[in-house]
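The values are calculated or read from the model by the stated rules, or taken from the named source; none is laboratory data. Every value quoted in this text rests on a predicted model; they were computed, and no experiment measured them. Neighbour counts run over all protein chains shown; Cβ positions are idealised from the backbone, glycine included.
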Amino acid sequence: MSDPTENGRDNSGRFVKRAAESVHNLNTPSEDGIHPLSKILFGWTHRKGIGNIIFYVLMVLALAVISVDFFHARHEYLNFANYAGFYGVWGFVCFAFAVIMGWPLGHLLRRDENYYGDAGGPPEGIDPDAPMADDLPAPHHTSEGDA
Amino acid sequence: MPSMLAGLNPGWVLIIAGVASLFITMRQARQVVTIAAPLLALLLLVFAPQNMDLVTTQVLGLKMVLYRVDALNFIFSLAFLIAAVLNGIYALHSDDRIQDGAALFYAGAAVAATLAGDLMTLFVFWELTAISSVFLILRAQTRAAYFAAMRYLGVQVLSGVLLLNGLAYVLKSRGDLSLEAFTDLSDPGVLFIFIAFGIKAAFPLLHNWLQDAYPKATVVGSVVLSVYTTKLAVYALARMFPGQEHLVWIGAIMTVFPVFFAVIENDLRRVLSYSINNQVGFMVCGVGIGTPLAINGVAAHAFADIFFKGLLMMSMGAVLYRTGTVKASQLGGLHRSMPWTTLFCIIGAMAISAFPLFSAFVTKSMIISEVATAGYAVIFLMLMFASAGVLEHSGIKIPYYAFFGHDSGLRVKEAPFNMLLAMGIAAFLCIFLGLPALFPGFGHEWLYGLLPYREEAMGYSHHHLFSFDHIITQFQLLIFAIFAFVLLKRFHVYPPEKRGVILDSDWSYRKVGYSLVTWAGTVWGKAGPAMTAAFFRITSRAYNWIEAAFSPRGELARGGVLNGAMTIWTAALLGIVLLLSFMAVG
Amino acid sequence: MIDAILNAAPAWALSHAAPLLVMVPLFLAPLLALVPTGRIAWLISIAATGISFLFALILLGLVQTSPIGVVSYEVGRWPVPLGIELRVDALNAMILLIVTTIGLLASVFSWPTVVAEIPKRKRALFYSAFLVCFAGLNGVAITGDAFNLFVFLEISSISTYVLVALGSGRDRRALPAAFNYLIMGTLGASFYIIGIGFLYAATGTLNMYQISTLLPELAGHRSVQAGFAFILVGLGLKAAMWPLHQWLPNAYSYSPTFVTMFLSATATKVALYALIRFLFTVFRPDYGFEISAFSAILMPLGIAAMVVCSFQAVFQTDVRRILAYSSVAQVGYMILGVSIGTTAGLSAGLFHLVNHAMMKGALFMAVAGVVLTYQGTTIRDFAGLGRSAPWTMTAFAIAALSLIGVPLTAGFQSKLQLGFALFDQGLWWAVGLVVFSSFLAVIYMGRVLEAVFFQPPVNPRKTRKEAPVLLLVPLWILALANLYFGIAADFPLGLARDAAAAAFGVEAFR
Amino acid sequence: MNTDHHVILRVIAKMLIPVITMFAFYVQFHGDFGPGGGFQAGVIIAVAVILYALVFGVPAAMRAVPPVFTRSLAAVGVMIYAGVGFWAMLQGGHYLEYQALFHEPPGEHHGQHIGILGIELGVLCGVSGAMLTIFYAFAGRVAEIRDEDW
């Protein structure tokens, strides 16, 4: 990249050029393959101890939204929904149940990837050189159409 | 608008464009067609007069209404057409005539089926969606996709055959094939139609073609597929079976069971396929309630779903396109290299999870509210469970495992610009549809204004939608569910993603059925040759006999017994006729 | 469209449509014997057939708008028992429309095939014979006089023998075929004229309508019955009713391709029309001898034709012979429909007649295109043509599917109607045989289509070469008509229903 | 050609042919109001030419009455016949309605007279032309098989 300041001295084009450059820089991944925009948008997720922060922030938020129920009565058609904390508790229980059921279900239902025998070689009449869905070696890296 | 254009069915425009683009070899021209045709169709639809039979024809004494717009099918076809535009943009990077043509044709057939004014027309385009969509799966050109496409085609054609069967019954008992809703499921014809619709809507145990086929389609293909077939079925159910109580239960079960499968599924496009199942469950449930507000909810939720599900599919497609895989176990940390995709995916995830200010919040709540109003306590709890489940698999699992979580070390390019553009527009719609009406007709009110029962929708919007209760309860549900995720992760109770396939109801025909066939084949292999030999002996003898009689060397060609003597035949025939005439009169 | 033509036509055209339809081509035919070159003759024959086509449309419109459904024209203004009456009702209006439409399409596409198959100095005469034949066929269909019908039948037949014999330039076997046809055709015509003699002896008139009004009192008369027998056999022979069809396969296989196309779509149809006219209008289907002829003669023969000739078609190796045997089988369908003896049956038979003209016309036209570009009519010659001549072969395939009776084609519609008519009379076994015969049609057309689309060309140097545009346009008109009338069958079905109603009952006829 | 044996034939034929032709025209015009007419007259004229061909040989006859002429004659005959019909039509009558030829009131028969004569003329031309064409076609045919192979 040539020195922008050299050409950018012209007072009319200067600002536009700077803006264009910054947009360009924002969309050009650095050497390590990390997109500059990602640093701005999601850089905070790499901070040390972010897990704890999220955990505690969520806990506080949860307590906050549920505490509302104790000061504010609802009038819903289904009576049980009016109990304080119903939505929160039900949401928590359901989520946890669905996830924890993943353990036994996983043992029960998970099979080898080639269980049905269709991940192997191609059948007759199909191009044997065509790539498998599973091991497409990022085939389009060199293709056109990259913005 | 000129009357000639008014009769032009938007679906047919897409079908013609689809056929045309099969033959357009120039890539730029085809790109223009794939974008311009849906836009033209959109214009035609928007300006089409409503509630009148625009194109009719008569086939074998059966009146077919080929094109009729009303409030219910308008919103569905509008969503289909907007989605067609987005799909066109999303597909711009690929130069594939068959894929472009099949996608347009498929979209067109779905729109034409939606705009059909009678069941026969619906059936015709119903079949066309099945036949055209299979190419989107086949174009992946893998062995797994080939078999999945064949299974998919089989199931879809089965649905068509059942539908046709039902139509024959209905035509006999009711005398017409109008779109008047059915009430009595005990009529065998109606039951056939119900099951036919059920297959396409992926009712429980009839659902597995969806998770089987969609993840194996091409990058663009699964985006296109996720839009049409199931929503067309939802439209058909809303049209023909509103208030059918069985649907409430079927829908509720549909929302619940995919949640468990989605948790353990490793293939993220397959997770989204389960998510389609789950969202369609909400709609089916709403159809079962059948009240105006519920039907509003169905239409609105289908509209919103097309875009947030499409958006999620697009983001996974982009990941597949860049990395070559969508296995959760192999992905992670992609936000470093694909921030835009990550951002759009998160927007889609928030929309599908029904965060306030996102689209599902303003659509799904109508259905759930009507369920509660109708007093279905268990159904209500199931839908709430499903809402938490949606958050789990689509809201958290998809973005977390693809873009965050454990860093897979993959450093790829950001998705192509056209993909980002399509995702951006879809993301815009996901947010726009969920916004409060800052001024009339803005945000969700725009969508509500298109619904079949506008006044009920507006009433709901004013009194309930953005009420404090509604928002706070939704936040309670969501925040506690997210908290549960964080908690489970923290204590390592969350099941890790593992490679492997998850058995589902397709196991019954892919494994048991296949084994049966193999077994039968072995038996046949032993008993067969003997029978075949006998059969061939008999047939060859028969063939020799027929050949001796009919072939150019045979008896008949030589003139039969009386060699070459057609004159004898003539005389004989004359004699017979004379004899008969004389005898008949006596 | 017919209304528009009626409005646009001048008064003289309306009042003289019936004689002009026949006389214009008959006047131009000798003129063609005088013109110097074949190309001019070709253009004149297009003009002549086109004019006849317009008059056929006018006549159809006049019949449809006429309160009694009949257009009558007394030649020379001689009153009926003395003079010849041209008499058009819904039945012959339909036949006239078919003959003139096919005639027009045939003469449009004929030029390239004539150039390839007919020696230069004979081309004008060839067209002359064609116009005579065309005029004769129209004359048969238009006249109301039984003897005049014989005259026109002979006019068309004799010119047909000539046309068939002219195929000798390509295949010498055309000469014996034409001679055989001549003997058989003359036999049929003689039988017919003998039958007319018997009727004349009994009734004292030659006008068909007058005969029909006089017959009820004479139904037990021996000479009426003898006349019936002779007419049935004579016209049956002309219509290629099994087993009197044996002139047809050779005549169709060896005549010039254009003649085959024209004859297959019109000649047997017109003879069948004459047969229907006698069976339903002159004689009445409630006479005892006719009922027994229907059930004991026509129905078994129709079914035998359907099955036997389909089997024979299965084993042929020459595409034109396959189609020729298939034609006899299709005549079997029509005879079967006629033999049911109800309006539904007759209209089904007539409907199949219309559709068969469309599909056989298209099939033989496509074959003509293949003969023109690739010289050869065996199935082996057709191998791989799907690639080298996709347009021709796609139209061929459409017409073939229609012949088989695939849904959404015209052939399906008429077989459906035939099935309904048979069911109404409880003849389910005949429906089964119709289906069986269609299955045989799948086999014999399937053999050709398989060769066309799935086999590699025998001669790999066969490059992409279509039939000329002049042939493709009429071919595709017929092929698309097969598709269009397969979906919207209202027009031909309405024609056939009106025609059946007109054939039945003296009231409708008068 | 050795013609010595046929002198009488040739002389007689030369005398007869004009008479035959004359008789043909008598039959033709007599046909208007008695037995006879165009068909018979046409046959008789053809007979005159055929006699000539039999006596003097087909090539000579073909020089005198060329095949092109006979063919055209046949065609013209048909056209004359049909033309009379069209003439009646042009005059506002039905096809072949003689009464309309000269717009006559009923009772007058000029049109009938001329009409039938015109028709008969057409028949004469047609029949004689066709007879001669057929005769030439058969007589002018060269055997494809040599005589000794019969």
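Summary table below
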| item | result |
| --- | --- |
| Sole residue being in contact with an Asp or Glu (Cβ under 7 Å, 6 or more places away or on another chain) and either modelled with pLDDT under 80 or not in a loop (DSSP other than H, G, I, E, B) (or both), chosen from B:ALA548, B:ALA572, B:ALA584 | B:ALA548 |
| Test: residue in segment B:512-534 that is touching a residue at least 40 places away in the same chain (Cβ under 8 Å), of a type outside the set (A, V, I, L, M, F, W, C) and either under 24 Å from B:LYS397 (Cα atoms) or more than 7 Å from chain A (Cβ to nearest Cβ) (or both) | no |
| In segment C:215-236, residue nearest to the chain's Cα centre (by Cα) [restricted to those that are free of Cβ contacts under 8 Å to residues at least 40 places away in the same chain and surrounded by fewer than 17 Cβ atoms within 10 Å (Cβ to Cβ)] | C:SER223 |
| Residues (within 13 Å of chain B (Cβ to nearest Cβ) and touching an Asp or Glu at 6+ places or on another chain (Cβ under 7 Å)) located in segment C:201-227 | none |
| Output for segment B:487-510, where each listed residue is more than 7 Å from chain A (Cβ to nearest Cβ), among the charged types (D, E, K, R), part of a helix (DSSP H, G or I) and in contact (Cβ under 8 Å) with a residue 12 or more places away in the chain | B:ASP506 |
| Residue check for A:PRO137: at pLDDT below 80, more than 7 Å from every other protein chain (Cβ to nearest Cβ) and either surrounded by 13 or more Cβ atoms within 10 Å (Cβ to Cβ) or farther than 28 Å from B:GLY389 by Cα (or both) | no |
| Wholly within segment C:173-257, helices (runs of 4 or more DSSP H) carrying at least 1 residues that are of a type in the set (Asp, Glu) | C:208-218 |
| Residue within segment C:283-298 that is within 30 Å of C:LEU131 (Cα to Cα) and not hydrophobic (A, V, I, L, M, F, W, C) present | no |
| Qualifying residue in segment C:348-355 (condition: within 14 Å of chain B (Cβ to nearest Cβ) and either surrounded by fewer than 24 Cβ atoms within 10 Å (Cβ to Cβ) or not hydrophobic (A, V, I, L, M, F, W, C) (or both)) | no |
| Check on C:VAL469, loosely packed, with under 15 Cβ neighbours inside 10 Å, under 27 Å from C:ALA116 (Cα atoms), at pLDDT 85 or above and touching a helix residue (DSSP H, G or I) at 6+ places or on another chain (Cβ under 8 Å) | no |
| Test: residue in segment B:125-138 that is at pLDDT 90 or above, assigned to a loop (DSSP other than H, G, I, E, B) and of a type outside the set (Val, Ile, Thr) | no |
| Restricting segment C:390-404 to residues that are in contact with a Phe, Trp or Tyr (Cβ under 8 Å, 6 or more places away or on another chain) and not polar (S, T, N, Q), the residue that is surrounded by the most Cβ atoms within 10 Å (Cβ to Cβ) | C:ALA395 |
| Test: B:GLY375 is surrounded by fewer than 24 Cβ atoms within 10 Å (Cβ to Cβ), within 24 Å of the chain's Cα centre (by Cα) and not hydrophobic (A, V, I, L, M, F, W, C) | no |
| Of residues in segment B:427-485 being assigned to a helix (DSSP H, G or I) and of a type in the set (Ser, Thr, Tyr), the one farthest from the other protein chains (Cβ to nearest Cβ) | B:TYR448 |
| Matching helices (runs of 4 or more DSSP H) fully within segment D:51-150 where at least 2 residues are at pLDDT below 85 and at negative phi | D:110-139 |
| Residue within segment B:246-267 that is within 14 Å of chain A (Cβ to nearest Cβ), surrounded by fewer than 24 Cβ atoms within 10 Å (Cβ to Cβ), modelled with pLDDT under 95 and closer than 30 Å to B:SER94 by Cα present | yes |
| Yes/no for C:TYR484 being of a type in the set (Ser, Thr, Tyr), modelled with pLDDT of 85 or more and within 21 Å of the chain's Cα centre (by Cα) | yes |
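Per-residue answers, yes or no, for (1) of a type outside the set (Lys, Arg); (2) modelled with pLDDT of 90 or more:
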{"site": "C:SER66", "(1), (2)": "yes, no"}
{"site": "C:ARG77", "(1), (2)": "no, no"}
{"site": "C:ASP89", "(1), (2)": "yes, no"}
{"site": "C:MET94", "(1), (2)": "yes, yes"}
{"site": "C:LEU97", "(1), (2)": "yes, yes"}
{"site": "C:THR100", "(1), (2)": "yes, yes"}
{"site": "C:GLY103", "(1), (2)": "yes, yes"}
